[in-house]
Amino acid sequence: MAKGLLLVISAPSGGGKGTILKELFAQEENLRLSVSATTRQPRPGEENGKQYFFLSREEFETKIQTGQMLEYAEYVGNYYGTPREPVERWMDQGRDVVLEIEVKGGAQVKKLMPECVSIFILPPSMQVLEKRLRGRGTEEEATIQQRLAKAREEIPHAKEYDYVVFNDRLEDAVSDLRAIIHGEKLKFSRNTDSIERVLEHA
Ligand code: ADP
Ligand code: 5GP
């Protein structure tokens, strides 16, 4: 069985990752979402093991030291990281795995697993980003300002990614993401076994 794709998806906070991925998962059944670990506090409605595994700094550092994190980074004062085991298991089972991570983590994964597919989601403008971030209503004003400053730092890293998806109209962003996934699956390098099978009884 062909190994699944590893999809690394980044966007500035408020860029629309959560919204786009919810729709993508409703349309693509072979996908699995990696649940990250973090030391930040849960937002209202977030549950341990669902959006994140919420850990103390000590618990997180133990997981780093024992090699249980595929990648990790500090973001606005907290650790965020990808537990390694489920990602490897799902890929071996032929599932396509989505990592929704920031740019430093994205760079680590690209180095470790160069066959991954990296996608950067961009808002149409900084004004729209600010409006959406405020409209979400989940952060204090100071945190919004921190996240906007972080977005200005992160957006230039879009050039290190394989693809860019513009999140203007939601439906277009989702269909662009699906087109990328489907195109990647048709790459010659991911189909060598099937090509050999075609020639087997030639
Ligand atoms: P992220 O997960 O990247 O931090 P969210 O998915 O939470 O971002 O999106 C931030 C806010 O912007 C949310 O309130 C969401 O409803 C809104 N939003 C996201 N994409 C669009 C879009 N294409 N058009 C209008 N609003 C959007
Ligand atoms: P939030 O606090 O808004 O949920 O996430 C803040 C940032 O951390 C987002 O850019 C998000 O993509 C990133 N993030 C979430 N999980 C991980 C992870 O496992 N690793 C890394 N490197 N970043 C993550």
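Residues in segment 15-32 that are within 12 Å of ligand 1 (Cβ to nearest atom) and either closer than 20 Å to residue 75 by Cβ or under 13 Å from the mean Cα position of the chain (by Cα) (or both): how many? Steps first, please.
Quick first cut of segment 15-32, residues within 12 Å of ligand 1 (Cβ to nearest atom) only: 15-24.
Pick out the ones that are also either closer than 20 Å to residue 75 by Cβ or under 13 Å from the mean Cα position of the chain (by Cα) (or both) and you get 15-22, 24.
The number of residues fulfilling the criteria is 9.
When segment 1-15 is examined, which residues are found to be at pLDDT 95 or above and either under 21 Å from residue 136 (Cα atoms) or of a type in the set (D, E, K, R) (or both)? 9, 10, 11, listed by residue number.
Cβ-Cβ contacts under 6 Å between residues 6 or more apart (or on different chains), taken from a first residue in segment 3-20 that is over 15 Å from residue 124 (Cα atoms) to a second residue that is near ligand 1 (Cβ under 9 Å from one of its atoms) and at pLDDT 95 or above, are listed as 9/100. Of everything in segment 32-69 that is in a helix (DSSP H, G or I) and among the charged types (D, E, K, R), the residue that is farthest from residue 140 (Cα to Cα) is 63.
If you go through segment 43-54 and keep only what is more than 16 Å from ligand 1 (Cβ to nearest atom) and exposed (fewer than 11 other Cβ atoms within 10 Å of the Cβ), you end up with 47, 49.
Of the residues that make up segment 55-69, is at least one within 15 Å of ligand 1 (Cβ to nearest atom) and on the phi > 0 side of the Ramachandran plot? For segment 55-69, residues within 15 Å of ligand 1 (Cβ to nearest atom) and on the phi > 0 side of the Ramachandran plot: absent.
The number of residues in segment 95-125 that are without any contact (Cβ under 8 Å) to a residue 12 or more places away in the chain and of a type outside the set (Ser, Thr, Tyr) comes to 2.
Taken together, the residues in segment 105-115 that are in a helix (DSSP H, G or I) and either within 16 Å of ligand 1 (Cβ to nearest atom) or surrounded by fewer than 16 Cβ atoms within 10 Å (Cβ to Cβ) (or both) amount to 4. Among the residues of segment 75-101, those identified as loosely packed, with under 15 Cβ neighbours inside 10 Å, of a type outside the set (A, V, I, L, M) and not in a helix (DSSP H, G or I) are 77, 78, 93, 94.
Among the residues of segment 120-151, those identified as surrounded by fewer than 12 Cβ atoms within 10 Å (Cβ to Cβ) and either closer than 22 Å to residue 107 by Cβ or among the hydrophobic types (A, V, I, L, M, F, W, C) (or both) are 142, 149.
Apart from one condition, residue 100 fits all of (1) in contact with a strand residue (DSSP E or B) (Cβ under 8 Å, 6 or more places away or on another chain); (2) among the charged types (D, E, K, R); (3) more than 26 Å from residue 166 (Cβ to Cβ); the exception is (3). When restricted to residues that are near ligand 2 (Cβ under 7 Å from one of its atoms) and more than 19 Å from residue 25 (Cα to Cα), segment 83-104 contains 2.
The values are calculated or read from the model by the stated rules, or taken from the named source; none is laboratory data. Predicted model, so just to flag it, every value in this text is computed and none were measured. Quick reminder, even Gly has a Cβ in these numbers, built from the backbone with ideal geometry, and neighbours come from all protein chains shown.
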